[in-house]
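Undergrad: Encoded as structure tokens, here's the structure I'll be asking about.
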Amino acid sequence: MAMLILTVGLQGAGKTTRARQLAAKLNALRLTPDEWMIPLFGESEADGKRDVLEGQLLKLALEALRLGNAVVLDFGCWSRNERYAIRHLVEEAGGSFELAYLPVDEATQRARVAHRQATAPYETFPMPEQELADARAFFEEPDDAELSNGQISDLPEGWRSWREWAADRWPSFGDDWRPPTRA
């Protein structure tokens with residue numbers, strides 16, 4: 001069954017745990033950027049490399065859908081536009097889309113992040129309080145319409161397609177992307 005489940009939520013919400021459960025239940029391909037960032041770069045962001053990696057994982061997810069597979073995409077996707085773009089691309093690829101939103105209150109989030117850092121520091125990144133607060137301020141919580149796969153909002157002004165928007169957000173997703181040349 002060609003379907004993509006996108007896990008959405010803040011750090012410490014339980015996205016990766018839920019993604020693992022869903023992948024096992026559905027015999028799905030699970031794509032989690034953090035599991036690639038640590039071994040490849042040793043850090044979460046690595047000078048924009050996360051966006052490049054996510055673009056490649058998104059391409060892989062869409063190819064798996066075209067082949068009829070289920071995919072669990074564990075991206076977090078804090079903005080509605082990210083979620084709308086992925087949903088549009090999934091539907092364009094002939095797959096069905098489901099959003100798995102995991103809300104988390106501040107106290108639980110801080111406790112989970114601290115526990116993860118204390119028990120498995122090699123699997124996670126340090127997350128200072130300010131980073132968690134900034135993420136919470138930036139996060140656009142899914143509304144009822146989005147959670148029920150209602151109407152996708154209009155494209156942000158200046159964009160001709162969600163595919164074009166996605167190629168800007170995740171640079172390596174675009175067909176004409178080339179790695180930067182070294183000076």
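Undergrad: Taking the range 60-165, which GluC sites (Glu not before Pro) meet the DSSP loop condition and have no more than 16 other C-beta atoms within 10 Å? Could you put the intermediate results ahead of the total?
TA: On the way: sites: 63, 82, 91, 92, 98, 106, 123, 129, 131, 140, 146, 157, 164; in loops: 140, 157.
Passing sites in the range 60-165 are 140, 157.
Undergrad: Run the dipole for the range 1-114 about the Cα centre, Lys and Arg Cβ at +1, Asp and Glu Cβ at -1, nothing else charged, and hand back the magnitude in debye, nearest 20.
TA: Details: 14 positive and 15 negative charges, 74 e Å.
In debye, rounded to 20, the range 1-114 gives about 360.
Undergrad: Here is a further query. Among 86, 152, rank each residue by its count of other Cβ atoms within 10 Å, from fewest to most, as a rough exposure measure. Please report the intermediate quantities before stating the final value.
TA: Working: 86 25, 152 18.
Placing the least packed residue first, the sequence is 152, 86.
Undergrad: Continuing with the same structure: Which shape class applies to the chain: rounded if a/c is under 1.5, otherwise prolate when a/b exceeds b/c and oblate if not, where a ≥ b ≥ c are the square roots of the Cα gyration tensor eigenvalues?
TA: Values: a/c = 1.40, a/b = 1.22, b/c = 1.15.
The shape class here is rounded.
Undergrad: For every other residue with a beta carbon closer than 14 angstrom to the beta carbon of residue 29, add +1 if it is Lys or Arg and -1 if Asp or Glu, then tell me the sum. Intermediate results must be reported in sequence, preceding the final value.
TA: Details: positive: 20, 25, 30, 59, 66; negative: 35, 63, 74.
Surrounding charge for residue 29 is +2.
Undergrad: Which residue, 11, 56, 151, tops the fluctuation ranking in a GNM of the chain built on C-alpha contacts under 10 Å?
TA: Among 11, 56, 151, the largest GNM mean-square fluctuation belongs to 151.
Undergrad: Residue 40 to residue 159: extension gain in nm, 0.36 nm per residue of separation minus the Cα-Cα distance?
TA: Numbers: separation 119, 0.36 × 119 = 42.84 nm, distance 3.24 nm.
Stretched fully, the residue 40-residue 159 segment lengthens by 39.6 nm.
Undergrad: Within a Cβ distance under 9 Å of residue 100, other residues only, what is the Lys/Arg minus Asp/Glu net charge?
TA: On the way: positive: 15, 18; negative: 98.
That works out to +1.
Undergrad: Which net charge results when you count Lys and Arg as +1 and Asp and Glu as -1 among the other residues whose beta-carbon is under 9 Å from that of residue 7? List each step's numbers first, then the result.
TA: Details: positive: 15, 18; negative: 74.
Net charge around residue 7: +1.
Undergrad: What distance in nm separates the two pseudo spin-label positions at residue 129 and residue 49, each 7 Å out from Cα along the beta-carbon direction?
TA: Label at residue 129, label at residue 49, 3.1 nm between them.
Where a number appears in this text, it was derived from the coordinates with a stated rule and is not lab data. Note that the structure is predicted; figures quoted are calculated from it, not measured. Glycine gets a Cβ as well: all are built from the backbone with ideal geometry, and neighbour counts include every protein chain shown.
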